[in-house]
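As structure tokens, the structure follows; a few thoughts come after it.
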Amino acid sequence: MAKRRPSRNSHVTARQQDPSGSGTGPGDAGDPAHHGLPVHEVVLLLETDAARGLDQEEVARRRAQFGVNELPRSQRAGIARKLGRQFNNPLVYVLLAAAVVTVFLGEFLDSAVILAVVLVNTLIGFIQEVRAEAALDALHSLVRTHAAVMRGGERKHVPSEDLVPGDLVLLEAGDKVPADLRLVRLSALRVDESALTGESDPVAKDEVVLPQVTPVADRRNMLYSGTLVTAGTGAGIVVAIGGETELGEIHRLMGAVRPVATPLTLKLARFSTTLTVAILALAAVAFLAGLAHGERPGQMFTAAVALAVGAIPEGLPAAVTVTLAIGVRRMARRRAVVRRLPVVETLGSTTVICSDKTGTFTENQMTIRALWTPSGWYDVTGSGYGPEGHITPSAPQHPAPQHPDGRNLAAGVTRPGGAAMPGGAAHPGDAALPKDDALQWSLLGGAACNDASIRREGAGWQVRGDPTEAAMLVAAGKAGIKVQDFLAANPRQAELPFTSERQFMATLHASTLPEDGGTVFVKGAVERVLELCAHEMDGQGAGRPVRRHAVLSAAHALADDGLRVLATAMMSLPAGSGPLSATELRGRMTLTGLHAMHDPPREAAAASVKACQRAGVGVKMITGDHVRTAVTVAAAVGLAADSAAGTALTGADLDAIPADRLPEAVERATVFARVSPEQKLRLIGALQSRGHVAAMTGDGVNDAPALRQANVGISMGRSGTEVAKEASDIVLTDDDFATIEAAVEEGRNVFDNLTKFIVWTLPTNMAEGLVILVAILLGATLPILPTQILWINMTTAVALGLMLAFEPKEPGLMSRPPRPPDRPLLTWALTVRVLLVSALLVAGAWWLFEHEVATGASVAQARTSAVNLFVAVEVFYLFSCRSLTRPAWRIHPFGNRWLLVGVLVQAGGQLALTYTPLMNGLFHTAPIGADAWLRILGLALLASLAVAVDKRLRRRGF
Ligand code: ATP
């Protein structure tokens with residue numbers, strides 16, 4: 001080992017120093033790429049073991065050497081680019097031009113102030129953007145991916161960042177490939193490599209050695225970081241991690257700059273640009289009009305700049321971004337991690353939520369409560385995944401299945417391994433267990449056809465794998481069945497994994513008898529398993545024709561109690577049978593029994609369903625489970641559904657409904673059971689065709705198309721596959737339905753706060769522009785100077801406006817209907833309010849300026865009063881904008897502490913502007929008297945009263 005180490009190290013280090021990553025590139029003669037080497041050479045090269053993986057010490061050593069498996073952040077390029085972006089803005093061009101012209105006019109101080117403002121503006125914009133992006137980036141760490149690895153011969157689950165070159169990674173359908181891997185073995189492995197190649201059809205993989213010159217997209221024996229396993233299983237050795245992977249290469253080329261943009265921010269940015277151009281044109285016209293009046297060019301230029309600076313809503317795009325980022329952070333705190341920013345806007349308009357049952361409405365904590373076999377009913381005691389509990393016969397819950405008259409109708413069922421239970425499993429004669437062979441076989445089959453494991457951890461029990469399967473393991477344990485012994489004697493040779501489409505799982509176990517081809521166990525949805533069965537097992541282990549009606553009515557009785565029911569079946573294969581396949585099993589199996597498990601509804605589910613309904617958001621349950629189980633669980637969480645009334649539909653019902661009637665039927669129903677992923681897709685389409693904005697949950701590989709099609713795709717952080725997470729807009733870190741409701745609520749709040757900011761900021765801009773325009777047109781003295789307008793806009797946007805983004809939810813937020821997606825941000829009522837406040841500001845500022853001058857104040861003092869009036873009105877109006885409908889005094893005064901801090905800071909700023917000589921010099925202001933302040937505050941109060949009256953009239957429907 002030690003002798004080879006330098007060669008491996010130099011190999012990987014060479015790649016690390018080579019930013020092109022050409023180490024795996026075609027034709028790199030000096031450094032053979034892994035796809036061009038047989039597996040054993042890759043194993044030698046990376047000094048690992050294709051079966052046992054690396055041992056823990058070696059992993060620690062390599063981690064110290066190669067670092068963490070994550071993409072490097074190209075911070076520096078990002079900073080330069082982001083700073084540059086701040087300058088690329090029409091307002092900055094205007095200001096820079098103004099700075100240059102003022103230098104020529106000899107107004108050096110003004111020029112300096114304008115330049116300082118440009119700088120401050122750039123810095124504030126930059127900081128806001130960096131913070132918004134940091135908030136979004138931080139979210140990614142909340143949805144960490146894990147990888148299954150072999151370390152020292154043991155299968156382990158580790159965070160993907162912990163992988164090192166040489167690690168042996170195990171993959172299955174639904175996983176995201178965590179690093180670049182050379183495949184060492186695989187079974188029917190298909191991978192979606194669109195993240196890398198853009199090709200969306202999954203590609204089939206194999207192990208063959210490929211020519212060195214094979215391009216990345218054709219390297220069938222490699223798996224690349226960031227791609228998704230859509231089918232099959234495989235194992236591969238890590239050959240590159242982090243920035244050295246092909247994905248890292250792409251990342252580097254793209255500069256990794258992720259713009260914080262959504263349809264709304266883009267729309268607003270476009271709106272701002274159009275407005276800016278229009279305002280610049282207006283300013284130019286005003287300038288020329290002034291000249292035509294015979295005004296001095298210098299004065300006219302100052303006025304035109306003031307008009308432009310005042311009227312352009314420069315803070316708008318940044319404020320929108322910040323509001324979105326704050327909303328996203330709040331959602332993360334409530335365990336909904338936003339993966340795609342635009343969804344925040346969509347959430348507020350969501351009209352229907354289609355949610356899974358298992359794990360979302362329920363806890364996904366399965367406990368088997370009852371068992372049924374063709375010979376009887378059994379109760380299972382105990383709770384959770386602990387082994388405590390007993391299986392005892394119980395009274396039949398419906399007419400007991402009729403035993404035929406003792407005739408042995410066995411057809412093809414022989415006990416594998418002879419008369420005794422194979423592999424040392426407990427015998428039916430076990431004192432603790434009722435004497436029923438079918439019960440034994442059903443429990444053994446459920447535990448053997450099973451991929452879950454349960455481990456004691458502290459005081460509790462930790463489940464690895466599917467809770468449904470774990471529950472079956474527990475039940476077998478309570479019966480004293482030692483499945484490990486059975487598996488040791490009869491190892492698994494083949495399997496058909498459970499899929500939502502197939503709805504059952506099958507395993508083939510080797511037999512100890514040479515004339516036997518092995519034993520097949522099946523477990524799954526009752527209807528599916530029944531399709532495979534011709535026989536059922538009686539209490540003595542003999543077969544007889546299956547009584548479908550009896551099985552179904554037992555299953556229905558259990559499902560009506562809200563229990564999830566799985567059937568078990570088995571068969572002995574004759575020697576020389578073909579490979580395990582569903583068709584091979586059809587009509588040849590023997591039903592052994594039913595397992596019925598309880599999955600408690602989540603505590604908060606019912607309240608959240610009610611909250612959604614009150615908010616005008618429809619809730620629908622979509623599940624792979626039986627319709628009766630689904631209807632009972634739905635009732636428990638407050639969703640009324642009834643098959644007879646057409647409000648509970650099955651997948652088969654959906655297929656039978658003609659396409660033109662489907663949307664209406666889907667809209668009416670609340671429960672959809674035994675639904676396949678393909679049907680989920682049709683369901684979403686049907687809802688959208690009725691104008692719904694639909695949120696849909698999903699966790700499996702095959703849910704990805706439906707998640708993409710939904711307006712809001714939601715995946716499960718705990719139980720979901722990586723494929724589903726990649727396809728979704730939001731990941732629920734706790735899989736809980738209540739979190740979806742919380743996300744909708746936060747989405748609505750983000751929209752509210754955005755609207756509040758816009759309604760608050762627009763009047764100032766309009767009024768500033770108008771005051772100047774009127775002054776120019778009348779040839780009057782400017783009531784406010786350009787630098788003073790800059791002061792107002794820059795300080796109030798940050799100290800006051802941004803604080804609205806922290807505004808808590810309004811009480812009625814979830815009692816109003818969803819926002820129609822095409823409704824403009826500013827409704828007619830809000831537009832009127834914006835115009836009203838603008839008019840009040842213009843009239844107030846104009847009157848005050850004229851009044852001050854007329855009563856003996858200097859022009860500088862009169863302007864200072866006008867500036868203070870603008871800010872005072874903005875402060876008062878800010879409190880009014882905390883709610884778009886309620887009057888300001890109805891809102892909790894300390895509900896938003898940030899706002900109070902902002903007001904104090906702004907007040908300090910105004911006092912400094914008015915009374916400090918430095919600021920007086922910079923901004924051409926002058927100290928004013930108490931009487932002026934009284935007039936300012938009086939006018940501001942009057943304006944607030946007018947807004948309050950407007951609100952009241954609106955509430956009364958005027
Ligand atoms: P939801 O879509 O609400 O999460 P679900 O978990 O019941 O519902 P699926 O996982 O598609 O949906 O399961 C559908 C049916 O398949 C179940 O009702 C059950 O009968 C059967 N089933 C579930 N898990 C397994 C499994 N691991 N092995 C065999 N059969 C299973």
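Restricting attention to the range 206-248, the residues that are closer than 14 Å to residue 38 by Cβ, assigned to a strand (DSSP E or B) and among the polar types (S, T, N, Q) add up to 0. Could we say that residue 747 is within 23 Å of residue 324 (Cβ to Cβ), open to solvent by less than 10 Å² (accessible area, probe 1.4 Å), in contact (Cβ under 8 Å) with a residue 12 or more places away in the chain and not assigned by TED's automatic domain parsing to the domain that holds residue 682 here? Criteria met by residue 747. If only residues of the range 125-146 that are open to solvent by 50 Å² or more (accessible area, probe 1.4 Å), aliphatic (A, V, I, L, M) and modelled with pLDDT under 75 are counted, the one that is farthest from residue 339 (Cα to Cα) is 134. Do we find a residue being of a type in the set (Val, Ile, Thr) and either within 15 Å of the ligand (Cβ to nearest atom) or buried (at least 24 other Cβ atoms within 10 Å of the Cβ) (or both) anywhere in the range 717-728? Yes: the range 717-728 contains one or more residues that are of a type in the set (Val, Ile, Thr) and either within 15 Å of the ligand (Cβ to nearest atom) or buried (at least 24 other Cβ atoms within 10 Å of the Cβ) (or both).
Give the number of residues within the range 858-870 that are aliphatic (A, V, I, L, M) and closer than 13 Å to residue 933 by Cα. Full working, then the answer.
Pass one, the range 858-870, residues aliphatic (A, V, I, L, M): 859-860, 862, 866-867, 869.
After this cut, where a residue has to be closer than 13 Å to residue 933 by Cα as well, the list is 862, 866-867, 869.
Counting residues in the range 858-870 that are aliphatic (A, V, I, L, M) and closer than 13 Å to residue 933 by Cα gives 4.
Against the numbered list (1) touching a residue at least 12 places away in the same chain (Cβ under 8 Å); (2) more than 23 Å from residue 652 (Cβ to Cβ); (3) within 43 Å of the chain's Cα centre (by Cα), residue 459 comes up short only at (1). Yes or no: the range 576-584 includes at least one residue that is among the aliphatic types (A, V, I, L, M), within 12 Å of the ligand (Cβ to nearest atom) and either open to solvent by 10 Å² or more (accessible area, probe 1.4 Å) or under 27 Å from residue 638 (Cβ atoms) (or both). No, the range 576-584 has no match at all. Taken over the range 880-897, the criterion of being under 31 Å from the mean Cα position of the chain (by Cα) and farther than 19 Å from residue 751 by Cβ is satisfied by 897 alone. Pairs are defined by a Cβ separation below 7 Å, a sequence spacing of at least 6 or placement on different chains, a first member in the range 612-640 that is within 13 Å of the ligand (Cβ to nearest atom), and a second member that is open to solvent by 20 Å² or more (accessible area, probe 1.4 Å) and part of a strand (DSSP E or B); the pairs so defined are 625/564; 627/650; 629/564; 633/601; 637/601. Considering only residues in the range 656-710 that are polar (S, T, N, Q), open to solvent by 10 Å² or more (accessible area, probe 1.4 Å) and within 16 Å of the ligand (Cβ to nearest atom), the one that is modelled with the highest pLDDT turns out to be 670. Only one of the numbered conditions (1) under 22 Å from residue 646 (Cα atoms); (2) in contact with a Lys or Arg (Cβ under 7 Å, 6 or more places away or on another chain); (3) surrounded by 17 or more Cβ atoms within 10 Å (Cβ to Cβ) is violated by residue 617, and that is (2).
Criterion applied to 566, 532 was being within 12 Å of the ligand (Cβ to nearest atom) and not hydroxyl-bearing (Ser, Thr, Tyr), and the one residue passing it is 566. Within the range 339-364, the residues that satisfy the criterion of being away from the ligand (no atom under 13 Å from the Cβ), open to solvent by 10 Å² or more (accessible area, probe 1.4 Å) and either on the phi > 0 side of the Ramachandran plot or not β-branched (Val, Ile, Thr) (or both) are 339, 340, 341, 342, 345.
The listed residues are 859, 834, and the only one of them that is aliphatic (A, V, I, L, M), modelled with pLDDT of 90 or more and under 40 Å from the mean Cα position of the chain (by Cα) turns out to be 834.
So for the range 789-802 (the condition being in a loop (DSSP other than H, G, I, E, B), in contact with a Gly (Cβ under 8 Å, 6 or more places away or on another chain) and not basic (Lys, Arg)), does at least one residue qualify? Yes.
The values are calculated or read from the model by the stated rules, or taken from the named source; none is laboratory data. Keep in mind that this is a model prediction, so the values were computed, not measured. With ideal geometry, Cβ positions are generated from the backbone for all residues, glycine too; neighbour counts draw on all protein chains shown. Accessible surface areas use protein heavy atoms only, side chains included; no ligands, DNA or RNA. Shrake-Rupley method; radii C 1.70, N 1.55, O 1.52, S 1.80 Å.
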